[in-house]
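Presented below is the structure to which this report refers.
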Amino acid sequence: MMNYFKMAYRNLGRHRRRSILSGLALAMGTALLMFIAAFFQGEMRSSMETTLRLNSGHIQVQDADYDPDKLSVAWEYLIENPEQVAAQIEAIDQVRAATPRLFASGIVSALDESIGVQIMGIVPDSSANDPYRQLVSGEFITADDREGIVIGYPLAESLGLKVGDQLNLLVNTSEGNVDEQKFAVRGIFSTGTTAYDKGIVLLPLAKAQAFSGAGNHASIIFILLKDREQADVVAAAIQGSGYQVKTWTELNELLVLVNDFSNAYLMIINLIILGVTATVIVNTLLMSVFERTREIGILSAIGMKGRQVVTLFLAEASLLASGGITFGSLIGWALSAYFGKVGVYFGDLGISNDMLLQDRIYTYLTLESAVNLIITAFIITVLASLYPARMASRMEPVEALHGN
Amino acid sequence: MEVAKLTDVTRVYKIGEVETRALNGVSLTIGNGEFTSLVGPSGSGKTTLLQLIGCLDQPTSGKVVIDGKETTNLNRNQRADLRKGTIGFVFQFFALIPTLTAYENAEMPLLLNGKNAAERKQRVMELLKAVDMTDRAHHRPDQLSGGQQQRVAVARALATNPKLILADEPTANLDTENGEQVMEIMKKLNKETGTTFVFATHDPRVIKYATRVVTLQDGLITNNGKASAK
């Protein structure tokens with residue numbers, strides 16, 4: 001077998017520039033695919049983490065009649081004694097944090113600008129609120145703060161607000177009225193997701209309940225687990241009458257669907273790009289077959305069988321593939337590692353809360369996907385080269401000897 | 001004892017609607033140890049006959065027996081196997097693999113025959129010595145003269161100790177001195193090893209070495225020749 005590779009290596013060396021260009025085409029294809037795979041995985045990972053961390057949590061407990069799209073604070077849609085319910089849930093081993101959240105719709109205005117927002121009443125001390133503690137300026141609200149508010153950086157930018165400034169907040173109350181109060185901006189946070197940060201303001205739960213007339217109620221119990229794969233088990237443990245318990249897969253159907261399909265998208269992209277690069281390799285080998293017709297005839301005349309001719313050409317394809325794919329993998333890995341650190345900035349993509357994305361996507365390449373890609377690229381290249389290899393092996397020696 | 005026996009062999013080439021009868025009912029027996037020339041004008045069927053004896057091609061009709069084996073119904077791989085062990089070739093053009101050295105070219109048939117490295121090395125060195133190419137063993141074909149390349153081709157043809165060596169115009173591209181050298185080497189090997197040589201040629205320098213001259217014209221053998229001691 002070594003002799004086939006030795007011959008193959010020398011044959012590739014005959015037209016060094018052509019071989020290098022073919023190898024480079026494969027290298028560029030592999031590098032591009034590896035980067036695309038890393039980008040896709042980074043995007044999906046970011047979207048999943050961001051959506052779960054900010055929006056859905058791993059599990060939510062809601063009133064049986066609660067509709068998250070309406071943001072109603074009418075008592076019949078809310079959970080009563082939410083802090084007590086959250087404390088009971090937090091006692092479960094697999095639960096990392098359980099905290100009540102009250103959602104209401106409101107309008108923030110400052111100077112002559114007004115923007116519609118979602119008001120979120122939170123228990124400030126809960127670790128589930130850590131993403132909002134990444135403050136650009138100021139400090140986080142405390143549970144007994146009756147006049148303080150925390151807003152996102154893009155909202156502050158839009159309204160020209162800074163820490164210490166006053167804003168006017170309107171809220172739709174539980175009785176269907178509108179109430180209004182001035183709040184002082186205590187802190188400005190940034191979760192890294194502009195689309196989310198520009199549409200939400202945070203109040204202490206007690207203040208939000210009082211302001212909206214929700215009484216001792218909350219919209220949901222937001223639950224984070226130590227391991228999200230335990231969601232079904234924990235959800236089964238906290239089923240109670242009058243409540244609905246939803247896991248992150250039920251809360252994020254679109255995201256789960258996109259995640260499941262992302263592998264299929266990636267496979268299609270892989271096949272298209274590898275198909276193109278494999279064509280370059282096939283073309284190189286076909287030229288080689290035509291140029292070496294007489295040589296194939298000589299080898300055949302001295303007793304080389306068809307399968308040995310196939311092996312010789314497959315050895316050439318394997319060498320080209322190995323060189324190109326190795327080089328391409330190094331480039332792809334380097335690109336993925338670099339953009340995994342600095343990220344690719346996209347800014348506000350305007351994506352809904354169903355599928356949140358950070359403004360900067362960090363590429364993420366798993367060993368498994370890199371290995372899969374390398375193996376796929378190698379197999380496709382070698383399979384594609386079967387065509388010229390078989391063409392060479394089927395030449396009749398007497399005809400091949402009279403070739404060029 | 002015969003090495004090759006052709007009985008009533010016809011070879012017709014068809015290109016489009018046109019049929020060309022290259023051989024027309026030829027019968028020929030090549031005995032062991034012969035040094036035979038196939039002579040005749042261009043288009044007389046010399047090369048076709050050589051290709052049929054060498055199992056590079058198959059007859060349209062008739063029977064070809066090589067080393068006691070009927071070859072007419074052998075498939076491509078079986079014919080390759082027969083060539084590998086029984087027949088060596090020397091072609092008119094210097095048919096070496098350009099990426100391999102003289103040593104590696106001579107070694108190729110031994111590789112295809114599955115010989116181990118030690119056996120290969122010993123045999124190749126013997127052969128290169130026999131064709132006086134030891135000092136050029138590690139040169140590639142483009143670093144060798146035409147005569148040197150043809151001597152390497154002879155060494156390669158002899159590598160597996162074949163019973164039969166077929167040479168198609170072996171001196172056609174060589175000057176007189178190199179042509180003589182190549183023929184001298186082949187004649188010497190014929191005498192020393194008893195290997196049978198069959199040449200297709202119209203070069204008088206080759207014919208003068210032959211112990212038998214078979215003449216072809218228009219696809220027919222017009223003179224079967226008789227083996228003589230030279």
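Checking the structure you have, find out if any residue of the range A:245-264 is under 28 Å from residue A:381 (Cα atoms), in contact (Cβ under 8 Å) with a residue 12 or more places away in the chain, assigned to a helix (DSSP H, G or I) and not small (Gly, Ala, Ser). Steps first, answer last, please.
First, pick out the residues of the range A:245-264 that are under 28 Å from residue A:381 (Cα atoms): A:260-264.
If we keep only those that are in contact (Cβ under 8 Å) with a residue 12 or more places away in the chain too, we end up with A:262.
Keeping just the survivors that are assigned to a helix (DSSP H, G or I) gives A:262.
Keeping just the survivors that are not small (Gly, Ala, Ser) gives none.
No, the range A:245-264 contains no residue that is under 28 Å from residue A:381 (Cα atoms), in contact (Cβ under 8 Å) with a residue 12 or more places away in the chain, assigned to a helix (DSSP H, G or I) and not small (Gly, Ala, Ser).
What residue, of B:27, B:37, is more than 16 Å from the chain's Cα centre (by Cα) and more than 25 Å from residue A:399 (Cβ to Cβ)?
Working: B:37 fails: more than 16 Å from the chain's Cα centre (by Cα).
From the options B:27, B:37, the qualifying one is B:27.
Screening residue A:191 with (1) surrounded by 23 or more Cβ atoms within 10 Å (Cβ to Cβ); (2) modelled with pLDDT of 90 or more gives one miss only, at (1).
Can you name the residue in the range B:75-90 that is in contact (Cβ under 8 Å) with a residue 40 or more places away in the chain, surrounded by fewer than 23 Cβ atoms within 10 Å (Cβ to Cβ) and facing chain A (nearest Cβ under 8 Å) and is also farthest from residue A:402 (Cα to Cα) among such residues? Within the range B:75-90, the match that is farthest from residue A:402 (Cα to Cα) is B:85. For residue B:124, the stated conditions hold: it is closer than 29 Å to residue A:308 by Cα and either outside any strand (DSSP E or B) or out of contact with any Ser or Thr (no Cβ under 8 Å at 6 or more places or on another chain) (or both).
Residues that are hydrophobic (A, V, I, L, M, F, W, C) and modelled with pLDDT under 85 occur in the range A:12-26; there is at least one. All told, residue A:101 meets the bar of being surrounded by 17 or more Cβ atoms within 10 Å (Cβ to Cβ), away from chain B (no Cβ under 14 Å) and part of a strand (DSSP E or B). The strands (runs of 3 or more DSSP E) found wholly in the range B:155-230 include none carrying at least 3 residues that are open to solvent by 10 Å² or more (accessible area, probe 1.4 Å) and farther than 20 Å from residue B:2 by Cβ.
Among the residues making up the range B:47-74, those that are within 14 Å of chain A (Cβ to nearest Cβ) and out of contact with any helix residue (DSSP H, G or I) (no Cβ under 8 Å at 6 or more places or on another chain) are B:47, B:48, B:49, B:50, B:52, B:53, B:60. Taken over the range B:130-154, the criterion of being acidic (Asp, Glu) and assigned to a helix (DSSP H, G or I) is satisfied by B:135, B:142. Exactly one residue out of B:129, B:115, B:69 is touching a Leu at 6+ places or on another chain (Cβ under 9 Å), among the basic types (Lys, Arg) and without any contact (Cβ under 8 Å) to a residue 24 or more places away in the chain: that is B:69.
For the range A:160-180, the count of residues that are under 21 Å from residue A:348 (Cα atoms) and open to solvent by less than 10 Å² (accessible area, probe 1.4 Å) is zero.
Taking the condition in contact with an Asp or Glu (Cβ under 8 Å, 6 or more places away or on another chain), away from every other protein chain (no Cβ under 14 Å), open to solvent by 60 Å² or more (accessible area, probe 1.4 Å) and in contact (Cβ under 8 Å) with a residue 12 or more places away in the chain, does residue A:348 pass? Yes, satisfied. Count of the range A:11-65 residues, restricted to those that are without any contact (Cβ under 8 Å) to a residue 12 or more places away in the chain and open to solvent by less than 50 Å² (accessible area, probe 1.4 Å), is 1. In the set (1) at pLDDT 85 or above; (2) more than 10 Å from chain A (Cβ to nearest Cβ); (3) farther than 19 Å from residue A:401 by Cα, residue B:130 fails one condition alone, (1). For the range A:141-157, the condition holds for no residue, the condition being that it is loosely packed, with under 13 Cβ neighbours inside 10 Å, hydroxyl-bearing (Ser, Thr, Tyr) and over 24 Å from residue A:180 (Cβ atoms). Total residues in the range B:3-47 satisfying the condition of being touching a Gly at 6+ places or on another chain (Cβ under 8 Å) and assigned to a helix (DSSP H, G or I): the figure is 1.
Among the residues of the range A:306-322, not a single one is open to solvent by less than 20 Å² (accessible area, probe 1.4 Å), within 14 Å of another protein chain (Cβ to nearest Cβ), without any contact (Cβ under 8 Å) to a residue 12 or more places away in the chain and among the aliphatic types (A, V, I, L, M).
Among the candidates B:44, B:27, the residue that is touching a residue at least 60 places away in the same chain (Cβ under 8 Å), in contact with a strand residue (DSSP E or B) (Cβ under 8 Å, 6 or more places away or on another chain), surrounded by 23 or more Cβ atoms within 10 Å (Cβ to Cβ) and polar (S, T, N, Q) is uniquely B:44.
The values are calculated or read from the model by the stated rules, or taken from the named source; none is laboratory data. This is a predicted model, so every value here is computed, not measured. Note that we place each Cβ from the backbone using ideal geometry, even for glycine, and neighbour counts take in every protein chain shown. Accessible surface is based on the protein model in full, side chains and every heavy atom, while ligands, DNA and RNA are left aside. Shrake-Rupley method; radii C 1.70, N 1.55, O 1.52, S 1.80 Å.
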